[in-house]
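Asks: Dropping a structure here in structure tokens format, bear with me for questions.
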Amino acid sequence: MDDFKIDEIEKKIDEAFQKVSSLEDLERLRIFYLGRKGVLSKLTGRLPKFSLEERRKMGIQINFLKQRIEDLLQDKEKQLKESLKSTQPIIDMGLPGITQPIGYMHPLTQVIEEICGIFIRMGFSVIEGPEIETEYNNFTALNIALEHPSRDVFDTFYLKVSSSNSKHQKLLLRSHTSPVQIRVMMKEKPPLAIVVPGKVYRPDAVDASHSFMFHQVEGFLVDREVKFSDLKGVLYKFAQSIFGENIKIRFRPHYFPFTEPSAEVDISCIICKGEGCSVCSKKGWLEILGCGMIHPQVLRNVGINPKVWKGFAFGMGVERITMLKYGINDIRLFFDNDLRFLEQF
Ligand code: PHE
């Protein structure tokens, strides 16, 4: 019974279990003691060598040892799993998720859509035209005389190339959206009711109210019976839709070569309601667009008989409308792409 050494085995067990630091180690230990070829199974295998009396005693010892090892295994496993839990990141299913930032439409795009929407509901269609134009469409066909100052290079970006058509015309970046009137009227037969949103270019020095590129929405209507009062009604409805029911408008005589008579339209100042403040320079009125009845010469230039057809046209700056609507004091904010500004719309 001497080489049985069960006491020694028992002593080593505690030591062995203390060293275990992972579940893998623990499994190895289990196999070492309780596996098919493990320590305990070897002990049992040697039992037949002993007398019945000794066997009974040793059997009890072996069972006792087995129970002890099983207890130790269980305790250690629990302990290891606990410590593993505390080192793993805690997942709190109740926390709100990480929200992805959503994109917004640029404030100018929003206002362009709003403006076009108002005219679409009045029966207008939306058409776009090219930003590179011929001198003919941008000026000549619109009755802008050769010596008119707006043809001057200081008011228009001329391109170094000329158009490849037979007339070899000078090309330029359109300085207003009015040339699209010409394009549409040359192609389509009246009656017409069209709005044209788009970019326009003028060589202005950039400051709080000027930019070399800005946006306009042009509008025009051609029909047999069109009166200045129709223009007034359409623009009044427009001003009310975009600035509110209580807005007042006034038509101030003006000059454009392509309309006759021509006018500029003012709205009552949205800051002081007409009392006079710094935004409206104490006038109580803010200019928002140019308009008039399409000049008979413009109609003739596109092959429309001005004795049969009449029309009105208007053109507005989108930046200006947006600045007035939202109280923005610097046009450059639209083009800086600073999210702190853009996210407010
Ligand atoms: N094209 C003019 C401008 O850019 C605006 C306008 C359009 C005026 C149509 C009258 C009629 O200032």
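Asks: For the stretch 272-287, what does the Karplus curve 6.51 cos²θ - 1.76 cosθ + 1.60, with θ = phi - 60°, yield as ³J(HN,Hα) per residue in whole Hz, taken in order and with x for Gly and Pro?
Replies: 9, 6, x, 5, x, 8, 6, 5, 9, 6, 6, 8, x, 10, 10, 6
Asks: Pulled fully out, how much extra length does the chain show between R340 and R250, if you take 0.36 nm times their separation in residues and subtract their Cα-Cα distance?
Replies: Stretched out fully, the R340 to R250 stretch lengthens by 28.8 nm.
Asks: In the chain, what percent of the accessible surface is made up of carbon and sulfur (1.4 Å probe, ligands and nucleic acids excluded)?
Replies: 54
Asks: Ok, one more. So if I place +1 on the C-beta of Lys and Arg and -1 on the C-beta of Asp and Glu, and nothing else carries charge, what would the dipole magnitude of the stretch 2-87 be about its Cα centre? I want it in debye, nearest 20.
Replies: That gives the stretch 2-87 a dipole magnitude of about 340 debye.
Asks: Taking only the alpha-carbon atoms of the chain, what semi-axes of the equivalent ellipsoid follow from 5 times the gyration tensor eigenvalues under a square root, in whole Å, largest first?
Replies: That gives 94, 23, 19 Å for the three semi-axes.
Asks: OK, next. In Å and whole numbers, how far do the C-alpha atoms of the stretch 166-259 stretch along each principal axis, longest first?
Replies: Computed over the stretch 166-259, the largest-to-smallest principal extents equal 46, 41, 23 Å.
Asks: In a GNM of the chain with a 10 Å cut-off on Cα contacts, which of L95, L146, L65 has the highest mean-square fluctuation?
Replies: L65
Asks: What FRET efficiency comes out for E53 versus M93 if R0 is 45 angstrom and r is the Cβ-Cβ distance? Round to the nearest 0.05.
Replies: 0.10
Asks: Among Q88, L73, V111, flag the residue with its Cα farthest along the positive direction of the charge dipole of the stretch 41-147, charges on Cβ as +1 for Lys/Arg and -1 for Asp/Glu.
Replies: Of the listed residues, the answer is L73.
Asks: Compute the length gained on full extension between E24 and D155: take 0.36 nm times their separation in residues and subtract their Cα-Cα distance, giving the result in nm to one decimal.
Replies: Taking E24 through D155 to full extension adds about 39.0 nm, to one decimal.
Asks: A follow-up question, please. Compute the accessible area per residue over the chain, keeping the other protein chains in place, probe 1.4 Å, unit Å².
Replies: Result: 60 Å² of accessible area for each residue.
Asks: What per residue convex hull volume, in Å³, comes out for the stretch 2-87 when only alpha-carbon positions are used?
Replies: Spread over its residues, the Cα hull of the stretch 2-87 gives 79 Å³ apiece.
Asks: Same structure, new question: Name the long-range amide H neighbours of I288: under 5 Å, sequence gap of 5 or more, or other chain; modelled H, no Pro or chain starts.
Replies: V265, D266, I267
Asks: Express the relative contact order of the chain as a whole percentage, based on alpha carbon pairs under 8 Å and six or more residues apart in sequence.
Replies: For the chain, the relative contact order is 14 percent.
Asks: Using only the Cα atoms of the stretch 205-330, build the gyration tensor, take square roots of its eigenvalues as a ≥ b ≥ c, and label the shape rounded, prolate or oblate: rounded if a/c is under 1.5, else prolate if a/b is larger than b/c, else oblate.
Replies: It comes out prolate by the Cα gyration axes.
Asks: Still on this structure, I have one more. Multiply the residue separation of M122 and K227 by 0.36 nm, subtract the distance between their alpha-carbon atoms, and state the gained length in nm to one decimal.
Replies: Contour length minus Cα-Cα distance gives 36.2 nm.
Asks: Only Cα pairs within less than 10 Å get springs; with that Gaussian network setup on the chain, which residue of S164, S83, S262 has the largest fluctuation?
Replies: Comparing S164, S83, S262 in the GNM, the peak value goes to S83.
Asks: Over the stretch 2-87, calculate the relative contact order: mean separation of alpha carbon pairs under 8 Å at least 6 apart, over the residue count, as a percent.
Replies: It comes to 32 percent, rounded to a whole number.
The values are calculated or read from the model by the stated rules, or taken from the named source; none is laboratory data. It should be emphasised that the depicted structure is a prediction, and the values quoted were computed from it without experimental measurement. With ideal geometry, Cβ positions are generated from the backbone for all residues, glycine too; neighbour counts draw on all protein chains shown. These area figures cover heavy atoms from the full protein model, side chains too; ligands, DNA and RNA do not enter into them. Shrake-Rupley method; radii C 1.70, N 1.55, O 1.52, S 1.80 Å.
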